[in-house]
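Everything on this sheet refers to the single structure shown next.
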Amino acid sequence: MPPPVFRFAPSPNGLLHLGHARSALLNFDLARQSGGRMLLRIEDIDTTRCRPEYEQAIYDDLAWLGIAWEQPVRRQSEHLPLYREAVERLTREGLIYPAFESRADIARMVAEKDKSGPWPRDPDGAPLYPGTGKHLTEAERAQRLRAGAPYALRFDMDAAVARAGLLSWIEEGAGPDGETGSVPAQPEQWGDVILARKDTPTSYHLSVVIDDALQGITHVVRGQDLFRATGVHRLLQQLLGLPQPVYRHHALVLDEAGQKLSKSTRSTALRELRAGGMAPDEVRRLVGITSR
């Protein structure tokens, strides 16, 4: 039987913090304990925020923690045609459609709908896309595309769920409410999510399942903030004929206010902790990982 394959897949859009350290160390320790492989993937599809200096900082921080990984490192920006092919396939199958509303347009539509009662939200609390773009005629879509209008390519969730049927995944960790074992996938909770944009041929949801399949990832170990999104990932795996890894979602590292650590809120970076004299073993203790 081939060895298990784990991965850590950060985005170089900021410096790593303690939450990243927990995921990276868990993946590394589990790979070593099982005689498996440890891969590193750089998820750099967001060209507006990803920067080379942050990518180098990832390598420096992981090496300082004592984490080793196989070469070469996979960088998503070097594989955009693969994601584009998947988008084209799903489009041919009638499972993707272009939507032309701006974020401000959608916010106005949701505000109007909220007047008649709370509009549905996804598991992260964001309002679901109202679905107006799905009802454009082919002629209307063609006219807007010819005019060069910006657009997002959205997943027709109702059609996709009807095509795939009931799905589940194997959870070796636990969800926010303690879900474990065989967990029913509920991708419909997310509505018609974006799978690509006019100027970006992929999204996190699409690229992560393609990369995991191409890299032979057998065990996805990541934070509980991505637990519900696994439903979307299982749906894409089913529709694209991709293998299903085992999942293990772990508790998040929280700040003093009980919020998850985030690059956007400038949570204390590993680089700062290192500069302040903290040792890697102390980082392990802070994130609740003491075994080696």
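Could you tell me whether any residue of the stretch 167-181 is surrounded by fewer than 16 Cβ atoms within 10 Å (Cβ to Cβ), assigned to a helix (DSSP H, G or I) and hydrophobic (A, V, I, L, M, F, W, C)?
Checking the stretch 167-181: not a single residue is surrounded by fewer than 16 Cβ atoms within 10 Å (Cβ to Cβ), assigned to a helix (DSSP H, G or I) and hydrophobic (A, V, I, L, M, F, W, C).
Which residues, taken from the stretch 194-210, are crowded, with 21+ Cβ neighbours inside 10 Å and closer than 25 Å to ALA251 by Cβ?
If the condition is that a residue be crowded, with 21+ Cβ neighbours inside 10 Å and closer than 25 Å to ALA251 by Cβ, then VAL208, VAL209 are the ones that fit.
Quick check on THR218: is it in contact (Cβ under 8 Å) with a residue 12 or more places away in the chain, touching a strand residue (DSSP E or B) at 6+ places or on another chain (Cβ under 6 Å) and either hydrophobic (A, V, I, L, M, F, W, C) or within 19 Å of GLN244 (Cα to Cα) (or both)?
yes
Just to be sure, is ALA213 under 26 Å from HIS79 (Cβ atoms), in contact with a Leu (Cβ under 6 Å, 6 or more places away or on another chain), surrounded by fewer than 19 Cβ atoms within 10 Å (Cβ to Cβ) and modelled with pLDDT of 95 or more?
Judged against the criteria, ALA213 is a match.
Is there a residue being modelled with pLDDT of 95 or more, of a type in the set (A, V, I, L, M, F, W, C), within 30 Å of GLY148 (Cβ to Cβ) and part of a strand (DSSP E or B) anywhere in the stretch 84-102?
There is at least one residue in the stretch 84-102 that is modelled with pLDDT of 95 or more, of a type in the set (A, V, I, L, M, F, W, C), within 30 Å of GLY148 (Cβ to Cβ) and part of a strand (DSSP E or B).
Would you point out which residue out of GLN76, GLN33 is more than 15 Å from ASP212 (Cβ to Cβ), modelled with pLDDT of 95 or more and either in contact with a helix residue (DSSP H, G or I) (Cβ under 7 Å, 6 or more places away or on another chain) or not β-branched (Val, Ile, Thr) (or both)?
The match here is GLN33.
For the stretch 33-67, which residues satisfy the criterion of being in contact with a strand residue (DSSP E or B) (Cβ under 7 Å, 6 or more places away or on another chain) and part of a loop (DSSP other than H, G, I, E, B)?
GLY36, ASP44, ILE45
Scan the stretch 125-139 for residues that are touching an Asp or Glu at 6+ places or on another chain (Cβ under 8 Å), surrounded by fewer than 16 Cβ atoms within 10 Å (Cβ to Cβ) and in a loop (DSSP other than H, G, I, E, B) and report the count.
Of the residues in the stretch 125-139, 0 are touching an Asp or Glu at 6+ places or on another chain (Cβ under 8 Å), surrounded by fewer than 16 Cβ atoms within 10 Å (Cβ to Cβ) and in a loop (DSSP other than H, G, I, E, B).
In the stretch 140-166, how many are of a type in the set (D, E, K, R) and assigned to a loop (DSSP other than H, G, I, E, B)?
Here the count works out to 1.
In the stretch 143-191, what residues are among the hydrophobic types (A, V, I, L, M, F, W, C) and touching a Gly at 6+ places or on another chain (Cβ under 9 Å)?
ALA152, PHE155, MET157, ALA159, LEU167, TRP169, ILE170, VAL183, ALA185, TRP190
Give the residue that is farthest from ARG37 (Cα to Cα), with candidates limited to residues of the stretch 216-225 that are touching a Pro at 6+ places or on another chain (Cβ under 8 Å) and surrounded by 21 or more Cβ atoms within 10 Å (Cβ to Cβ).
Across the stretch 216-225, the extreme among qualifying residues is VAL220.
Does the stretch 113-123 contain at least one residue that is farther than 24 Å from ASN27 by Cβ, in contact with a helix residue (DSSP H, G or I) (Cβ under 6 Å, 6 or more places away or on another chain) and not β-branched (Val, Ile, Thr)?
Yes, that holds for at least one residue.
The values are calculated or read from the model by the stated rules, or taken from the named source; none is laboratory data. Quick caveat, the model's predicted, so the values are computed rather than measured. We place every Cβ from the backbone using ideal geometry, glycine too, and count neighbours over all the protein chains shown.
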